[in-house]
Amino acid sequence: MEGFEYLQKELDEMKDKGVFRPLTALESDQGSKVTINGKEVIQLSSNNYLGLTTHESLRQAALKAVEDFGAGTGSVRTIAGTFSMHEDFERRLAKFKHTEAALVFQSGFTANVGVLSSILTKEDVVISDELNHASIIDGIRLTKAGRRIYKHSDMQDLEQALQETQSYRKRLVVTDGVFSMDGDIAPLPEIVELCEKYDALVMVDDAHASGVLGANGRGTVDHFGLNGRVHIQVGTLSKAIGVLGGYIASTQTVRDYLIHKARPFLFSTSHPPAVTAACHAAIDVLEDEPELIDRLWENTRFFKEGLQSLGYETGKSETPITPVMIGDEAACMKFSDALFEEGVYAQGIAYPTVAKGNARIRTIVTARHTKEELEQALDAFEKVGRKLNILS
């Protein structure tokens, strides 16, 4: 069918630049090793931080939920799609996060979009870190509120923005807890102190901190001892939690308001029983098996130190997200392909996900990786780095 030539032209240009990437289909479960095109490779590109995608407790909870409640819910939450298990899980989640209430969305993306597009008006302003996740950026685009972007983790620039926006009714400062491409942690204590000084609200997206930072994986708010001082916490259920979805943890007022105003919540069918039950089981695992988080951090330190000792630049990473900085987009994709040939699946990340000239291999180790697997991966990084003259 004709009419999409302009799209094909852009795709052809991407192919010429070496940055076109077809989808990769896994032929196995999401473990420390996966099978792709019949080849078993070490997985370093998933968000399965704790290995919960295949944890037996989550498997059994999901199977039982299907047997008891069926495959789906058949409705949106506000009509006939709220099951008792949805509300039970949200109460469990709020207790875990030390907040008054919680509300689950279909994804972390829709949670951010739902909150930002509904609680702000043209009388308000949102102040956002320049490296915040795309879902925050899109949520801001959907609001009529004023907007200010401050330099990444620059508290002087944030304070200036707070000073210059005091005429607005409400000011909402939004930051990732852990930044998804660089792996650094937001200076949340300083952000909270500035917001308290200037009477502003704080919202933290803890997608990559949930299950990773804080006691039992409660996130950056708990990590920094800031419980009760952050107004809205957004989290994901599809990374360390191992299943699917997103949530907000806040006050009962915010929960009730979002139920009536957040369009992604209002117009999306609720989570299937298997998803809700597995997510509930995952919170139990976080509390009952803290050794998984210990193992994640042990593996993180080992792998990060190994990359650095080889001579790779890993940026500002403080978490299991460890970028291997390459720079050139085409070279980065070539590097990723060469790693695959050596038995390591580690995807290249390039523009527009990151700025031009800042392409990198983004690696994430998990609690399920063995030392032997990580050593094999490091050997592959050394071999490919020397072959492609990335390492001297």
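The values are calculated or read from the model by the stated rules, or taken from the named source; none is laboratory data. No experiment lies behind these values; they were computed from the predicted model shown. Cβ coordinates were reconstructed from backbone atoms using ideal geometry, including for glycine residues, and neighbour counts include every protein chain displayed. The protein model used for the area step is the full one, side chains on, heavy atoms only, and it has no ligands, DNA or RNA in it. Shrake-Rupley method; radii C 1.70, N 1.55, O 1.52, S 1.80 Å.
Brief remarks follow.
- Exceedance of the 21 Å cut-off in Cα-Cα distance is limited, within the set K356/K387; K64/K95; K122/K356; K170/K197; K97/K151, to K356/K387; K64/K95; K122/K356; K97/K151.
- Among V234, V76, V221, residue whose mean-square fluctuation peaks in a GNM of the chain (springs only between Cα atoms under 10 Å): V76
- Residues whose placed amide H lies under 5 Å from that of E313, excluding near-sequence neighbours: M325
- Summed over the residues of region 1-113 and divided among them, the accessible surface reaches 57 Å² per residue at a probe radius of 1.4 Å.
- Total formal charge among the other residues, if their Cβ is under 15 angstrom from that of G38, Lys/Arg +1 and Asp/Glu -1: -1
- GNM result for the chain, Cα springs below 10 Å: residue of Y168, Y247, Y312 fluctuating most strongly: Y168
- Counting charges near I140 (Lys, Arg +1; Asp, Glu -1) among other residues having Cβ under 11 Å from its Cβ returns a value of +3.
- With the simple spin-label model, which puts each label point 7 Å out from Cα in the Cβ direction, the D337 to H98 separation comes to 5.0 nm.
- Computed E for K261/K9 - FRET, C-beta separation, R0 41 angstrom, nearest 0.05: 0.50
- The label point for K144 and the one for K316, both projected 7 Å from the Cα toward the Cβ, are 3.5 nm apart.
- Counting only Cβ charges, +1 for Lys and Arg and -1 for Asp and Glu, the dipole size of region 352-392 around its Cα centre is about 280 debye.
- Cα centre as origin, Lys/Arg/Asp/Glu Cβ charges: region 230-361 dipole, Debye: 700
- For Y150, the residues 5 or more places off, or on other chains, whose built amide H falls under 5 Å of its own are S128, D129, E130.
- Flagged links, alpha-carbon separation over 22 Å, of K17/K39; K144/K261; K15/K334: K17/K39
- For T78 and R386, a Förster radius of 51 Å and the Cβ-Cβ distance give a FRET efficiency of 0.30, rounded to the nearest 0.05.
- For the options H98, H133, H260, a Gaussian network treatment of the chain with springs between C-alpha atoms closer than 10 Å singles out H260 as fluctuating the most.
- With the charge dipole of the chain set up from +1 on Lys and Arg Cβ and -1 on Asp and Glu Cβ about the Cα centre, the Cα lying farthest toward the positive end among the listed residues H98, L172, I36 is that of L172.
- Cβ-defined net charge surrounding K122, 13 Å radius [Lys, Arg +1; Asp, Glu -1]: +2
- With R₀ set to 45 Å, the beta-carbon distance separating Y351 from E193 gives a calculated FRET efficiency near 0.85.
- Spacing of the two label points (7 Å from each Cα toward its C-beta) at T269 and E27, in nm: 3.1
- Kyte-Doolittle mean at least 1.0, axial Cα span of 15 Å or more - DSSP H helices of the chain: 108-119
- Residues of region 227-310: accessible area per residue with a 1.4 Å probe, Å²: 41
- When you filter the trypsin sites (Lys or Arg not before Pro) in region 82-179 for DSSP loop state and at most 16 other Cβ atoms inside 10 Å of their Cβ, you are left with K122, K144, K151, R169, K170.
- Nonpolar atom fraction for region 128-237, defined as the carbon and sulfur part of the 1.4 Å probe accessible area, stands at 45 percent.
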